[in-house]
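Notes follow once the structure below has been shown.
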Amino acid sequence: MAEWSDPRVAQAGAGVTIDGKPVAGAAIDAGLRAHMLKVYNYMASGVLLTGIVAMLFANSGMAAQVMATPLRWVLIFAPLAFVMVMSFGMHKLSTAALQAMFWGFAIVMGLSMSSIFLVFSGESIARTFFVTAAAFAGLSLYGYTTKKNLSGFGTFLIMGVIGLLIASVVNIFLGSSTLQLVVSFLGVLIFAGLTAYDTQRIKSEYVYFAGHESIGKLAIMGALSLYLDFINMFQFLLSFLGNRE
C-alpha cells in the first residue's frame, strides 16, 4: 500500500504521454485491462486460498489448540513478516519467488484468521464476506474509473493505518469495547478509501511502467495491496456484522 504517483503520467487512453513521448492509447488500454485482470485474479485467488485454509484449520480443531498457546503470536505476526519481505525485497526477488511468497502469505494469513471461526458464526462470516465483496467491487471500480486524482489522500490514509495499529495495541491492554468500536468504524472507512486509492495507483503504475520487465512483479504487489484492503475491511466489518458463537 505504499504511496506512488508520478505527475509525468497522463490518463490512459488517446493522447497518453510519458516524459513527453506519445504512447499508443489503444495499446495502453489493452495492456492495462490485461494487467488489472491479472491483479484481480491474484487477489481473488489469494482471498479464496486464505478462506479455505482458515476454515479447514478451524474445523480440524487444531486452531483452538494453537490459539490457546503462545504459538498464536507466531500465527498473528507471521503474515506481517511476509509483507515486509515482499515489500522491501521486491527488486531483489524474482517474479517466481515473489509469486511463491504471495501464495505462502495467503496460506499463513488463513492460519492466522482461523480464529474468527472460533468466535463468530459461519453464517455471519459468510454474510460479512459478501457485504465486503460488494463494497470492495464498487470502491475499486470507482478508483479505476474516476478522473479525480486520489494521490493526495494516500499519505492521510497511511497515517490513518498507523493510528489504527497504535490504537489496537493500546486497546490490548485497556480492553475497552468503546475504543474497539471506534477503531473498527475508522478501520472500515480507512480501508474503503485505500481500496479506491490503491486501484488508481496500480493503474497509474502500469501506464508508467508498461513494457518494463518489472511489470509482473507490480501485478503481484498490486494484488497484495488490494488483498490487504479487502481482508482488513472484512475484519473490521465483522466487528459490526458478526454474530458471536
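Each value in this text was obtained by applying a stated rule to the coordinates, not by laboratory testing. Every value quoted in this text rests on a predicted model; they were computed, and no experiment measured them. Every residue, glycine as well, gets a Cβ built from its backbone with ideal geometry; the counts of neighbours run over all protein chains shown.
Cβ-to-Cβ counts within 10 Å put TYR42, TYR142 in ascending order as TYR142, TYR42, the fewest first.
Full extension of the chain between SER176 and THR69 yields a length gain of 36.2 nm, computed as 0.36 nm times the residue separation minus the alpha carbon distance. Please find the FRET efficiency linking MET84 to ARG244, where r is the Cβ-Cβ separation and R0 is fixed at 30 Å, and quote it to the nearest 0.05. Efficiency computed from Cβ-Cβ geometry: 0.40. Just so you know, the Rg over Rh for region 17-241 is 0.99, from Cα atoms, with Rh as the Kirkwood radius. Taking amide hydrogens as placed 1.01 Å from N in the peptide plane, the amide H of PHE120 sits under 5 Å from those of GLU245, each at least 5 positions away in sequence or on another chain. Please give the charge dipole size of the chain, origin at the Cα centre, charges +1 on K and R Cβ atoms and -1 on D and E Cβ atoms. Round to the nearest 20 debye. Using Cβ point charges on Lys, Arg, Asp and Glu, the chain gives about 140 debye.
Label sites at LEU37 and SER124, each approximated as a point 7 angstrom past Cα along Cα to Cβ, lie 4.0 nm apart.
In the chain, a dipole from Cβ-located charges (positive for Lys and Arg, negative for Asp and Glu) runs towards its positive end, and of THR195, VAL47, LEU218 it is LEU218 whose Cα lies farthest in that direction. Adding -39500 (n - 2.57) for every DSSP H run of four residues or longer, then dividing by how many residues the chain holds, sets the calculated 222 nm ellipticity at -27000 deg cm²/dmol.
Under a GNM of the chain (C-alpha, springs under 10 Å), which listed residue has the highest mean-square fluctuation: THR178, THR146, THR50? For the chain, modelled as a Gaussian network with Cα springs under 10 Å, the answer is THR178. With a simple spin-label model that places each label point 7 Å from the Cα along the Cα-to-Cβ direction, the separation between ALA134 and PHE77 comes to 3.9 nm.
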